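Below: the structure, in structure tokens.
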Amino acid sequence: MDTMAIIMAAGEGKRMKSEIPKVLHQTCGRPIIDWVMDAVLSFSADKPIVVVGSGADSVKAHLEGRAQFAFQERQLGTGHAAMAAAPLLDERTGHVLVVAGDMPLLKPETIEALVELAQSEEYAAVMLTAVLDDPTGYGRVLRDPLGGVRAIIEHRDATPAEREVDEVNASVYCFETGAFYEALGALSSQNDQGEYYLTDCIGYLTGKGQRVGALIASDPEECMGVNDHAQLAQASKVLRRRVIAAHMAEGVSFIDPDNTYVDHGVEIGRGTVIYPGNTLQRGTRIGRNCTILPGCRISASVIGDGARVESSVLTDSTVGDGATVGPFAHLRPGAQVGEGCRVGNFVDIKNSRVGKGSKVSHLSYVGDGVIGEDCNIGCGVVFVNYDGEKKYAAVVEDGAFVGCNANLVAPVTVGEGAYVAAGSTVTEDVPRDALAIARSRQINKEGWAGKRRMEKQKK
Ligand code: UD1
Ligand code: CA
């Protein structure tokens, strides 16, 4: 039997106090709505119907190709959102799964159980509920004396006695399609907020003598709705824990999971050890048997096997097998550090290739450069790549040695096996195997300092 999923995502998210639509706020490396999409995807016969309204353009742009969109021009409540989606159901029969777009912790297994329950027995609707220590703000589930679901009452419309109820509505429902249409048709906006509440469908159906089932979530955490930044942080913490648990199950070691931040979709090979205080962001792939020491932010970067990175920032970069980076290195977009390289303290590399086995050990800037294999770039070398208008490339060929504090004024090439003397400012190509010395000669003025001291004493 067919089930179609509807995700309600048109709300403004007033409590977020943000210009970004609520469902596009990031949690663990991607927007809230993506987590919800993942949870419902396999239970929808066709692309899920997403109800958009506030910030519709950005939500649509984000989900383009993955969803069908229903437009809710004015946000008159969750019932009104469901009404906006209903025409897209066409002539479908079967069931409709309706989920709030602000529940990033919801798991597919839970939806599966809910859909199965809806299909197995003669229910007009089933809903997901949770028993919470603090049910404040949620709609409460009202049951009849025999324990059957009777209705949902919103927190703000509830009496003090009803507020004592600790079973809440999660905002995940599976309706039999006919019952769905009928109940939506009967909704009114007679409540504290003057909105059409989807929750009223439940009371309507039971009032008509139809059966409504409730699945109590075994893990109430899943039912959390994100309405404000405090809840967003709470949800992110849970997602982070789940993401890290999945890595640990695959053989990755975390010294302190609670102080490590790994985005959804990051890949980490087995045998790798991640120290605390690391942030591994979207698009990052780390190989096997690496050591990621404390204090790195690694974003959209690829790190080979057996590499070691410490207290460094890497964005859109690659690091080869067995290389070491840091402490305090900055690999900016386009940095490609080869196999077995050493990139050390306070080195900044941007849009440059460092060949296999080469060393850039301390205090250097390599911008738009190409460094061959087995080169040594001494302390404080600067690739002078910018003349105020354009950027140019300096090339250091295989086996070359660039002495400390040299400037390579690009475009320039240091040939294979050549040496550049320390302190040189190289403006012309250095031939293969040559030594370039490009600095003024030293003059020693014998006795000069002693004389100066004597003069000072006389005064
Ligand atoms: C809702 C439920 C409440 C439940 C809680 C669980 C209603 C009336 N209340 O309350 O019983 O305990 O979720 O988290 O349903 N939306 C629209 N269009 C609208 C209004 C909302 O698309 O006009 C969307 C929102 O974007 C959001 C979802 O529906 O993703 C839920 O809306 P929200 O305002 O967060 O409802 P709650 O007050 O949390
Ligand atoms: Ca909510």
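Read-outs throughout are calculated quantities, based only on the coordinates presented, and are distinct from any laboratory measurement. The structure displayed is predicted, hence computed values, not measured ones. Glycine gets a Cβ as well: all are built from the backbone with ideal geometry, and neighbour counts include every protein chain shown.
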Expected output is a single nm value to one decimal: the length gained when fully extending between Ala422 and Asp134, i.e. 0.36 nm times separation in residues minus the C-alpha distance. What is it? 96.9 nm
Both in Å, the radius of gyration and Dmax of the C-alpha trace of segment 182-246 are 17.2, 47
Give me the one-decimal Kirkwood hydrodynamic radius in Å for segment 119-267, with the sum taken over alpha-carbon pairs. 17.5
Whole-Å semi-axes of the chain's equivalent ellipsoid, largest first, each the root of 5 times a Cα gyration tensor eigenvalue? 64, 22, 20
Place a point 7 Å from Cα of Glu116 in the direction of its Cβ. Which residues in segment 1-45 have their backbone N less than 18 Å from it? 1-3, 39-44
Sorted by average packing, counted as other Cβ atoms within 10 angstrom per residue and highest first, what order do 176-182, 8-14, 244-250 take? 8-14, 176-182, 244-250
Going by average Cβ density within 10 Å per residue, which order do the peptides 71-79, 407-415 take, highest to lowest? 407-415, 71-79
Determine which lysines satisfy two conditions relative to Lys456: a Cα distance under 26 Å, and not lying fewer than 8 residues away in the same chain. Lys445
Efficiency of FRET from Cβ geometry, Lys445 and Arg15, R₀ 60 Å, rounded to 0.05: 0.20
For labels at Tyr392 and Asp166 in the simple 7 Å Cα→Cβ model, what's the distance in nm? 7.4
Expressed as a fraction of 2.2 N^0.38 Å, the rule-of-thumb size for a compact globular protein of N residues, what is the C-alpha radius of gyration of segment 117-163? 1.29
Length added when fully stretched, Glu455-Phe346, from 0.36 nm per residue minus Cα-Cα: 35.0 nm
FRET E, pair Ala61, Asp429, Förster distance 45 Å, beta-carbon r, rounded to 0.05: 0.40
When N counts the residues of segment 375-453, how does its alpha-carbon radius of gyration compare numerically with 2.2 N^0.38 Å, as a ratio? 1.35
Rounded to the nearest 10 degrees, the helix 108-120 long axis (Cα) sits at an angle to the longest Cα principal axis of the chain of 20
Cα pairs beyond 22 Å in segment 284-371, in percent, come to 8
In degrees between 0 and 90, to the nearest 10, how far off the longest principal axis of the chain does helix 229-249 point, with axes built from Cα atoms? 70
Formal net charge of residues neighbouring Ala179 (Cβ-Cβ distance under 13 Å; K, R +1; D, E -1): -1
Among Thr199, Ile20, Ser352, which residue has its Cα furthest toward the positive end of the charge dipole of the chain, with +1 on Lys/Arg Cβ and -1 on Asp/Glu Cβ? Ser352
With 10 Å bins from 0: P(r) over segment 228-341, alpha-carbon pairs, percent: 16, 51, 26, 6, 1
Modelled label-to-label distance, Gln190 and Glu250, 7 Å Cα→beta-carbon offset: nm? 5.5
What is the spin-label model distance, in nm, from Glu73 to Thr159 if the labels are put 7 Å beyond Cα along the C-beta direction? 4.0
Would you list which aspartates and glutamates come within 14 Å of Lys14, measuring only between C-alpha atoms, while excluding same-chain residues fewer than 8 positions from it? Asp102, Asp228
Principal axes of segment 18-71: Cα extent on each, largest first, Å: 34, 27, 14
Which of Leu114, Gly137, Pro104 sits closest to the plus end of the dipole of segment 1-150, meaning its Cα is farthest towards the positive end, when Lys and Arg get +1 and Asp and Glu get -1 on the C-beta? Gly137
Using alpha-carbon pairs under 8 Å, 6+ residues apart, how would you state the relative contact order of the chain in percent? 8
Gain on full stretching of the segment that runs from Lys237 to Asn289 - 0.36 nm per residue minus C-alpha separation: 16.1 nm
Cα-centre dipole for the chain with unit charges at Cβ (Lys and Arg positive, Asp and Glu negative), debye to 20: 3080
What does DSSP give for the chain in terms of the percent of beta bridges that are antiparallel, rounded to the nearest 5? 20
With unit charges on the beta carbons (Lys and Arg positive, Asp and Glu negative) and the dipole taken about the Cα centre of the chain, which residue among Ala151, Asn376, Leu88 sits farthest to the positive side? Asn376
